Structures are given as C-alpha cells and as structure tokens.
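> Below you'll find the structure I mean.
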Amino acid sequence: MQRYFLSEESFDGTYVMIDGEDAKHIARVMRMTLGAQIICCDNHGSCYRCEISEVSSDIVKADIIEQIEKNVELPIDVSIAHGLPKGDKLELVIQKGTELGAIKFIPFQAERSIVKWDEKKAEKKIERWNKISKEASEQSHRQYVPQVETVQKLKQLLRHFHLYSYVILANEEQAKNDEKSQFHHTLSQMKRGDSLLLVVGPEGGFSDREVEIMINAGAISCALGPRILRSETAPLYGLAAISYHFELMGG
C-alpha cells in the first residue's frame, strides 16, 4: 500500500486533503481511483489507513479508516553525522540510512573532506537530500521522515554532542589496533529510548586533531569491525549492527 508523508494541515478530523507532488503521484503516476487505499502519515509518527473519496489531477481527498498501531522505528534514536564525502555518496547514505532507521543526518565539513561546501547551492542541495529522505521513508514504510540538516563545521557539530545519550566516533585507526572495539560494549550499555549520534569521517578518515577534539567532547572512539570500511559503508554498517542488536537480539 502506497505511503505518503503529509503536513499537519493536511489532516482534518476524519479525512486528509492531499495536494502538490503527492496528489500528482496518486492521480497521474499511480492512476488511483475512488476506493483505492493509501497510508497517510503526519509529522509526529502517526500513520493512518485511508480510502480515496475524491481525486483530480491536483488534489486528492481520502477518508481516514483507522490508525495503524504497528511501530517500525528503531528502539533508539540514531542520528548520522557524516564528514562530506565526494560525489553522490552522501545521497546513498541518506537513502539507505533512512531505510535502516536513522532519524537524522548531519553533514559536516571535516578537515579531509575533498568537497568544499558551496553556500550558493546549499538550498537546492539540502532540498534534494530531504526529498531523497522522504522518498526512502515512503518506500521503507517508516513512520518518520529523517531530517537532513544544513552542512556544519566541526565546531558547530560539537554543540550537538550534549543532546545525545551517547556519541560514537567511527575511528578506522581503532580498527587497526582493536578488532573487538568499544562498539558492542557501548550498545550493550544503551537502553530503549536512548539517543545515539554516530560520527563518520570522509574519505581518508579523521585527522588526529579531530579525533582528540571529539573524544575530549565526550565521543567514544570505536572500530566498526576489524576491516577498514569506506566512508559511505561505515554508517550503514553501524545502523545494521544497531538494528540487529536491538531488534533481532532484543538488546
């Protein structure tokens, strides 16, 4: 069943009104007709099974049938802070990271980031990233659309640390020296409802200075397994491991 994330204003008691790109998708792409059922979600994690009662090329009305009680979100809130990588790697991380349950993405300019952030193109870039997040949320039947924040500097990122129960720094140097790392130990300490910020570097990883600064700010330096992972692989490995620990093993 097709899923759509709508603004709070779209919901009006017993029905929802859908316009813009979502209405066009329902009418022109999916070619849905009266009686077709869809799932509509608000910005607060609530999703509803709805039945289309009116449809045109630019607006769709759907009656709310029932609220869906099933919770598919990770038991802990996981945000990904990613040092800007090359090309479209961050788009891959946002898409797959959304499928794997991340709640937020914070790109930042690391010392070894080859790509330099262009403020002139910032608005369109962030708009595209959030569109990728929304589409991935619909595809994977999430209850939330992860937010992609504007690119920050390390100094700005450090100000986020205190907002999280735990901050894990994915450190490839740790993988070379300590295959068992702190990762499993840290996850074992966490409880449902906690929040985690997973910080991942760009190609080439972090400088010694950055590692020292983040550890001094409270980050836990961890290896993500014994192998050296690519920049775009590390956050996905981390999310998959977190899902296994909390959702399959009942950690």
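The values are calculated or read from the model by the stated rules, or taken from the named source; none is laboratory data. This structure is a prediction, so every number in the text was calculated from the model and none was measured. Positions of Cβ are backbone-derived with ideal geometry, glycine not excepted, and every protein chain shown enters the neighbour counts.
> Anything in the range 55-108 that is in a helix (DSSP H, G or I) and of a type in the set (Val, Ile, Thr)? List them, or say none.
Val93, Ile94, Thr98
> Any chance you could count how many residues in the range 2-21 are surrounded by 10 or more Cβ atoms within 10 Å (Cβ to Cβ), within 23 Å of the chain's Cα centre (by Cα) and in contact (Cβ under 8 Å) with a residue 24 or more places away in the chain?
Qualifying residue count for the region: 6.
> I'd like to check something: does the range 43-52 contain any residue that is out of contact with any strand residue (DSSP E or B) (no Cβ under 8 Å at 6 or more places or on another chain), under 30 Å from Ala234 (Cβ atoms) and either assigned to a strand (DSSP E or B) or not hydroxyl-bearing (Ser, Thr, Tyr) (or both)?
yes
> Are any residues in the range 53-87 surrounded by 13 or more Cβ atoms within 10 Å (Cβ to Cβ), of a type outside the set (Lys, Arg) and either in contact with a Ser or Thr (Cβ under 6 Å, 6 or more places away or on another chain) or without any contact (Cβ under 8 Å) to a residue 12 or more places away in the chain (or both), and if so, which ones?
Asp63, Ile64, Asp77, Gly83, Leu84, Pro85
> At least 1 residues that are closer than 27 Å to Asp88 by Cβ in each: list the helices (runs of 4 or more DSSP H) lying fully within the range 147-247 that qualify.
Ranges flagged: 154-158, 172-177, 208-216, 234-243.
> Ok, one more. If you take the residues in the range 180-220 that are basic (Lys, Arg) and under 19 Å from Leu74 (Cβ atoms), which one is nearest to the chain's Cα centre (by Cα)?
Arg192
> Return a yes/no flag: does the range 131-150 have any residue that is at pLDDT 95 or above, polar (S, T, N, Q) and touching a Pro at 6+ places or on another chain (Cβ under 6 Å).
yes
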